[in-house]
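Read-outs: derived from the displayed coordinates by stated rules, not from any lab. Owing to the predicted nature of the structure, the values given are computational and were not obtained by experimental measurement. With ideal geometry, Cβ positions are generated from the backbone for all residues, glycine too; neighbour counts draw on all protein chains shown.
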Amino acid sequence: MGKNTPQAIRGTQDIFGADAEAFAFVVETFERVRKLYRFRRVEMPVLEMTEVFARSIGETTDVVGKEMYSFVDRGGDEVTMRPEFTAGISRAYLSNGWLQYAPIRLATHGPLFRFERPQKGRYRQFHQIDAEIIGAAEPQADVELLTMADQLLRELGIQGVSLQLNTLGDSESRERWRAALVDYFTAVRGDLSEDSQERLEKNPLRILDSKDRKDQVFVGDAPKIDDFLSDDALAFFQAVTDGLNAAGVKWKRAENLVRGLDYYRHTAFEFMPDVGSTAANTLGSQSTVLGGGRYDGLIESLGGQATPAVGWAAGIERLAMLVGERIEPKADAVVVLENDEHMMNAVQLLARLRGAGFSAELFASGSPRKRFDKAKKIPSHTLVTFPVTDAGITVRVLGDGGEIATAVENLVLTRP
């Protein structure tokens, strides 16, 4: 590699080989599971007007203030490369009139962009899977999404991860809890970390999930949401937990699991690695594998009517790290051209194989003498060769059933 060879931008990655297979396995499993739950596929623009995220995520958040890739395009518009899916999906719900389909179940996946310090499992261009239900106020929508997430992780074979669940209550409950937290933390303000002193003004709930030891001294005795839940909020959370129990989804109560933005209501959840598990060793015990919640006030912040909604997202790279090494599946057939005069016969056979639904690869480049030895190293169920000595209509087939020689047109194509 020369001095002038371009390098990948910091925080991006080229995914290949076993890593690409693990990535593809996550996406394919997600696509299969979302169809089981009847979520409709949606494709979203990578670019949105900056105000979509400023109004939905919040001007005071780190994402908007420090992490977004925003610029003025050649038309003079302020645009942003999407840092998450939910805001764009909410915008699309409004601008396309998807209210007519409510409640609508949507799923997507693709790249997202945040300018943050690259670290293990975190990139500046990263990828997520995302599922949302918009227009459903019932707790059953939360249960559906959580059950879907749980099944996805099980079908990916990911173990040592637990569902952490909390309620933020309805608007009334949340406001009363927020006021009590402000009073409590204001009394010890001088002993809090600098970040939490700032959060006290803008986002007091976020102090509860601070990892700073200065803050953790006070978090344990902070007011609990359960003391402020209205009867309606309590009934909602009870319905969610009853639904999870009925579906066989295991969960743990996490009283300090919060969402800082005001439009979040009721259910908040994260699937987290268990301490000491393989997942924790791979990602770190503080790393969220999949997370989400109910955001009943978001669409209203974008100028729509009050619309109930709930969703979750998960990083594909993180999930791919947890599924273990995936190898490329065996080819059904590898076709070796040992005599270049038979190229058209080989092309004809390949078309026939692939047309019948068999995966097939052709070895026809490089030294004809070495092709057979190279092809034997490719994992496959069957090896088909056009020998040097043959007249062109007969092939040798090597596979689990031994070796046969037959005319191309007489080959019987059956699943290995």
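Each residue of the stretch 362-377 was assigned a 3J(HN,Hα) from its phi angle through the Karplus curve 6.51 cos²θ - 1.76 cosθ + 1.60 (θ = phi - 60°); the sequence is 9, 10, 9, 10, x, 5, x, 5, 9, 4, 4, 5, 5, 5, 5, 7 Hz, with glycine and proline shown as x. What does the C-alpha gyration tensor say about the overall shape of the stretch 1-102? Classify as rounded when a/c is under 1.5, otherwise prolate if a/b is larger than b/c, or oblate. Here the stretch 1-102 falls in the oblate category. Distance from the alpha carbon centroid of the stretch 256-288 to that of the stretch 226-252 works out to 18 angstrom. Across the stretch 146-160, coupling constants 3J(HN,Hα) worked out from phi with the 6.51/-1.76/1.60 Karplus curve, θ = phi - 60°, read 5, 5, 4, 4, 4, 5, 4, 5, 5, 6, 7, x, 7, 10, x Hz, and Gly and Pro carry x.
A dipole drawn for the chain from +1 and -1 charges on Cβ atoms has a positive end, and of Ile89, Val335, Leu152 the residue lying farthest that way is Val335. Across the stretch 273-284, coupling constants 3J(HN,Hα) worked out from phi with the 6.51/-1.76/1.60 Karplus curve, θ = phi - 60°, read x, 6, 4, x, 7, 4, 4, 5, 5, 7, 9, x Hz, and Gly and Pro carry x.
Before anything else, pin down the relative contact order of the stretch 111-154: Cα pairs under 8 Å, at least 6 apart, normalised by residue count, whole percent.
26 percent
Charge dipole (Cα centre; +1 on Lys/Arg Cβ, -1 on Asp/Glu Cβ; no other charges) of the chain amounts to roughly 1200 debye.
Here the peptides 128-141, 232-245 are ranked by packing, the mean other Cβ count within 10 Å, and the order with the highest first is 128-141, 232-245.
Take every DSSP beta bridge whose two residues both sit in the chain; close to 80 percent of them are antiparallel. Helical content of the chain, expressed as a calculated mean residue ellipticity at 222 nm, amounts to -10500 deg cm²/dmol (DSSP H runs of 4 or more residues, -39,500 (n - 2.57) each, divided by residue number, nearest 500). Under the rule a/c < 1.5 gives rounded, and otherwise a/b versus b/c splits prolate from oblate, where does the stretch 245-298 land using the Cα gyration tensor? Taking the square roots of the gyration eigenvalues as a ≥ b ≥ c, the stretch 245-298 is oblate. What's log10 of I(q)/I(0) for the chain at q = 0.06, 0.07, 0.12 Å⁻¹, Debye sum over Cα points only, no solvent? At q = 0.06, 0.07, 0.12 Å⁻¹ the computed log10 ratios are -0.36, -0.47, -1.02.
With a 10 Å Cβ neighbour count serving as the proxy for reagent exposure, in which order, fewest first, do Met148, Met344 appear?
Arranged by neighbour count, lowest to highest, Met148, Met344 become Met344, Met148.
Each residue in Val323, Val72 was given a count of other beta-carbon atoms within 10 angstrom of its own, and listing them fewest first yields Val72, Val323. Among Leu181, Leu152, a tally of other beta-carbon atoms within 10 Å of each Cβ gives an order, fewest to most, of Leu181, Leu152. If you fit an axis through the alpha-carbon atoms of helix 86-95 and take the longest principal axis of the Cα set of the chain, what angle between them do you get, 0 to 90°, nearest 10? Tilt of helix 86-95: around 90 degrees. With contacts taken as Cα pairs under 8 Å at a separation of at least 6 residues, the chain carries a relative contact order of 16 percent. Under 5 Å between amide hydrogens, built in the peptide plane, is the criterion, and for Tyr295 it picks out Arg265, Ala309, Val310, Gly311 among residues at least 5 positions away or on other chains.
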